[in-house]
Amino acid sequence: MVSSGKADAHISCFNRFRRSAIKFTVNHPFRIGVLGSGQGSNFVALAGAVAAGKIPAEIAIVLSDVESAGILAHARARKISAQFIPPGKFRTKLDEDAERAFVAALQAAPVDLVVLAGFMRVLKGEFLRAFEGRIVNIHPSLLPCFPGLQSWRQALDHGVKVAGCTVHFVDAGVDAGPIIGQSAVPVMDDDTPESLHQRIHAAEHELYPKCVAALARREISVVGRRVIWRKAI
Ligand code: GRF
């Protein structure tokens, strides 16, 4: 939480899967930190929506566990602070030092919301505690179907007729937190994993900015596993 003096407006926002609301303290533009490991097309969509005034927020910082990640180049091209933080010795999660470094960078920024945009490591303990209820992710399937890797391939292999993407809060599970928004796309008879992935990716670029805008406007609350929108998506 970003706190800042007694003139603050206390706004009830996300409630991490409980009924007691977490209080956000806000008297500054809503600040977002984006984490990614890859090309950063979702970041580009988010940055475009911020620049167009569709998301009432600032992207304060972009962090990556991959030095050559396109997302860092996209951020720097937009004069947004961008840092590579070495992830440490593990393949699928951050080691303790790396986790501390990510948390410190986000707290120093400081950020109200952590947006995962293709960040390929599972977040654990300290990180989740530091930003409890304030981390969101986008996943390329209609969760709870096909969590994990290459969901578009899993969907095609399973033979579903409708695929899509999901924006959700991040908790200790993998692709498991309360669902904020979903967008469906058809699966065509002649789809390849690549063509389906491309269609899902295009849907992500529409869905993620809408969800982040609603969060920045504090139009979202969480009751149990249900995410309630004050205005329809
Ligand atoms: C997206 O497909 C997203 O669903 C998944 O990682 C991919 C990131 O793509 N979590 P990009 O780096 O935003 O282009």
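Largest first and in whole Å, give the semi-axes of region 103-217's equivalent ellipsoid, each being the square root of 5 times a Cα gyration tensor eigenvalue.
Working from the Cα gyration tensor, I get semi-axes of 28, 14, 11 Å.
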Note to self: Please report the spacing between the Cα centers of region 125-189 and region 193-233 in Å, no decimals.
What the structure shows: 11 Å
Check: About its Cα centre, what dipole magnitude does the chain give when the only charges are +1 on Lys and Arg Cβ and -1 on Asp and Glu Cβ, stated in debye to the nearest 20?
Finding: 920 debye
Notebook entry, point to check: If we count every other residue with Cβ under 11 angstrom of residue 163's Cβ, Lys/Arg +1 and Asp/Glu -1, where does the sum land?
Noted result: +2
Margin query: List the aspartates and glutamates whose Cα sits under 20 Å from the Cα of residue 93, skipping any in the same chain fewer than 8 residues away.
Written below: 65, 67, 126, 132, 171, 175
Margin query: Of 201, 223, 46, which is farthest towards the positive pole of the chain's charge dipole, taken about the Cα centre with +1 and -1 on the beta-carbons of Lys, Arg and Asp, Glu respectively?
Written below: 223
Check: Order of 92, 166, 192 from fewest to most other C-beta atoms within 10 Å?
Finding: 92, 192, 166
Next item on the list: Among DSSP beta bridges whose residues both lie in the chain, state the antiparallel percentage, nearest 5.
Entry: 50 percent
Checklist line | Neighbour-count ranking [beta-carbon atoms within 10 angstrom, fewest first] of 167, 223 | finding: 223, 167
Next item on the list: Can you spot the aspartates and glutamates whose alpha carbon is less than 19 Å from residue 231's alpha carbon? Ignore those fewer than 8 places along the same chain.
Entry: 206, 219
Item checked: Within-12-Å neighbourhood charge of residue 153 [Cβ basis; K, R +1; D, E -1] -> -3
Notebook entry, point to check: So if we plug the beta-carbon distance of residue 90 and residue 230 into 1/(1 + (r/R0)^6) with R0 = 41 Å, what FRET efficiency do we get, rounded to 0.05?
Noted result: 0.55
Check: Based on the Cα atoms of the chain, what semi-axes does the equivalent ellipsoid have, where each is the square root of 5 times one gyration tensor eigenvalue, given in whole Å with the largest first?
Finding: 27, 21, 17
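Each reported figure results from applying straightforward, stated rules to the coordinates on display, with no laboratory input. For clarity, every value in this text was computed on a predicted model and none was experimentally measured. Cβ atoms come from the backbone with ideal geometry, glycine included; neighbour counts cover every protein chain shown.
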